1. Just checking: which of the strands (runs of 3 or more DSSP E) contained wholly in segment A:1-63 hold 3 or more residues that are within 22 Å of A:ASN184 (Cβ to Cβ) and in contact (Cβ under 8 Å) with a residue 12 or more places away in the chain?
2. Of (1) more than 14 Å from ligand 2 (Cβ to nearest atom); (2) within 14 Å of chain A (Cβ to nearest Cβ); (3) at pLDDT 90 or above, B:SER47 satisfies all except one. Which?
3. Pull up segment B:1-18, narrow it to residues that are surrounded by fewer than 10 Cβ atoms within 10 Å (Cβ to Cβ) and facing chain A (nearest Cβ under 7 Å), then point me to the one that is modelled with the highest pLDDT.
4. Among (1) more than 24 Å from the chain's Cα centre (by Cα); (2) within 25 Å of A:ASP135 (Cα to Cα), where does A:ARG310 come up short?
5. With the structure loaded, tell me whether B:GLY21 is within 14 Å of chain A (Cβ to nearest Cβ), more than 10 Å from ligand 2 (Cβ to nearest atom), surrounded by fewer than 14 Cβ atoms within 10 Å (Cβ to Cβ) and in a loop (DSSP other than H, G, I, E, B) or whether it fails that test.
6. Enumerate the pairs (first residue in segment B:88-112 and β-branched (Val, Ile, Thr); second residue anywhere and more than 7 Å from ligand 2 (Cβ to nearest atom)) with beta-carbon separation below 6 Å, excluding pairs fewer than 6 apart on the same chain, so at least 6 apart or on different chains.
7. Could you pull out the residue among A:GLN173, A:GLN221 that is over 16 Å from A:ARG105 (Cβ atoms) and in a loop (DSSP other than H, G, I, E, B)?
8. Does segment A:255-262 contain at least one residue that is more than 22 Å from the chain's Cα centre (by Cα), crowded, with 16+ Cβ neighbours inside 10 Å and farther than 30 Å from B:ILE28 by Cβ?
Amino acid sequence: MAVQAVTQQKLALTGNEAVAMAMKQINPDVVAAYPITPQTDIVQYFSTFVADGKVKTEFVTVESEHSAMSACVGSCAAGARTMTATSSQGLALMWEMLYIAAGFRLPIVMPVVNRALSAPINIHCDHSDSMGARDSGWIQLYSENAQEAYDNTIQAVRIAEHADVRLPVMVCQDGFVISHSLMNLEVLPDEAVASFVGEFAPRYPLLDAEHPVTYGALALQDSYFEARRQIADAMSRAPAVILEVGKEYGRLSGREYGFFEAHRLEDAEVAVVAIGSAAGSAKAVADSLRGQGIKAGVLKVRVFRPWPWREIGDALGSARVVGVMDRADGLSNLGGPLFGDIRSALYDRTRRPLVVDYIYGLGGRDVSLEDIEGVFRDLLRIKDEGRVTEPVTYLGVRE
Amino acid sequence: MSELAESKPAAGSKIAAPPRGLPGWLEIPLGGILVEPGNAVEYRTGSWRTRRPIHDPGKCTSCMICWLYCPDDAIVVREQKVVGVDKDHCKGCGICARECPVKGAMTMAEGGAY
Ligand code: SF4
Ligand code: SF4
């Protein structure tokens, strides 16, 4: 079916409102969520849509985030299109059930507002929460602004539910920087979203009494491995689906999505890799450095799981020095999670750039244009020296 | 366009031989789901047994207490009489012997094998 471009409404919304709006237009069968902190405004706005009869969703308020994800697992296995939203400690409390959602191959969609994890207690932006869930079998899409958070939420439904994928999806946005900042964005008409996401076609729904099935059976040494191998296979099929959905969404909205945004990378000598709102600042800095004759570029990661390592390797392979910006510390003694994956994506290449990591912005510490310019200058120094002496730098922390 | 050498993390391994005789990962239903109802009967819980219940039909009054308590539905009843234990599914937990009100009608013996 050919997708026609539609006229869109321009609205000023925060990231939270934008995602709640997308959820309203998706109109899921069930939303199960913990209604108080560390929950976000997303669920609060959505609950008003439920109260006002704007959606047909069964809204289940539960006593914890662990219960929220448990209820989502049950509802999605029963055959209902299911969503929730969370943040920070809430995501941490869901941990056990995240693996079960992916293991049962349930296409749950969950907006995540990225905020730091305790201790000490903090409520501001960093990526520690979702980065910790990177091996749980959930697809992870990251957003640079409210527009992308809105667009990613709608695409996530199609990606998750695709027959080749059948995996849950987290749609991540930076806490406060995006979630609480107003932005002018374009919003699709309700009908366009409804027809884009289509009807949910459940696989093995528990409510199909004609075909009874068992979820959660024991699989020991003789079959657990096969079930897990199947998830890895689904993850390897997801990239093609993500691109296909991103293209179709582009035809509908005029905003096409791929794995990442390559900003002035073709001839870049020094490149910064970033996720989320900092990528916008990095692009502005790269543009101003270009004006001074410095070949600077930026790679903004949108899809972190599945990891598009081949394409990222191709996009970064011709740079001389790559600076990875991690808004989460792996506490591994070798930098953050993005750093490890970027270096790994480049390792098998015959000619590979030097790669260093900058841990930044933990607990909402502001990252300024000057800070990012400092990163580019550091990359130029490393390029001149021709070798890496300090692979990991903590950016903007008091000594 | 890629200047990669050989590198295929998704390829199947031919290096180590997997256990044979069961479906492969391409054949099993999505998410380890069981699509056949009631197939728990095929799982031989009796293979765990380290002790075994001995039923004495001479003393048994067929009061059905053991049948009621057995967690594995392993007490065999015919024509309203307890006639013995299903050795494929009895896991040797000893609940039947513990709950039996008639001395000696159901007793536990060491060793799982009959
Ligand atoms: S509980 Fe004892 S007496 Fe009663 S049926 Fe079982 S073995 Fe027989
Ligand atoms: S030992 Fe346990 S499993 Fe076996 S028959 Fe008795 S109650 Fe049932």
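The values are calculated or read from the model by the stated rules, or taken from the named source; none is laboratory data. All values reported here derive from a predicted model rather than from experimental measurement. In this analysis, Cβ positions are derived from the backbone assuming ideal geometry, glycine residues included, and neighbour counts consider all displayed protein chains.
1. Numbers: elements: A:9-13, A:30-33, A:58-61.
Ranges flagged: A:9-13.
2. (1)
3. Among them, the one singled out is B:ALA10.
4. For A:ARG310, the failing item is (1).
5. Values: within 14 Å of chain A (Cβ to nearest Cβ): yes; more than 10 Å from ligand 2 (Cβ to nearest atom): yes; surrounded by fewer than 14 Cβ atoms within 10 Å (Cβ to Cβ): yes; in a loop (DSSP other than H, G, I, E, B): yes.
Criteria met by B:GLY21.
6. Pairs found: B:VAL102/B:LYS59; B:VAL102/B:THR61; B:THR107/B:ILE54.
7. Values: A:GLN173 fails: in a loop (DSSP other than H, G, I, E, B).
On inspection, the qualifying residue turns out to be A:GLN221.
8. Just the residues of segment A:255-262 that are more than 22 Å from the chain's Cα centre (by Cα), to begin with: none.
No - not one qualifying residue is present in segment A:255-262.
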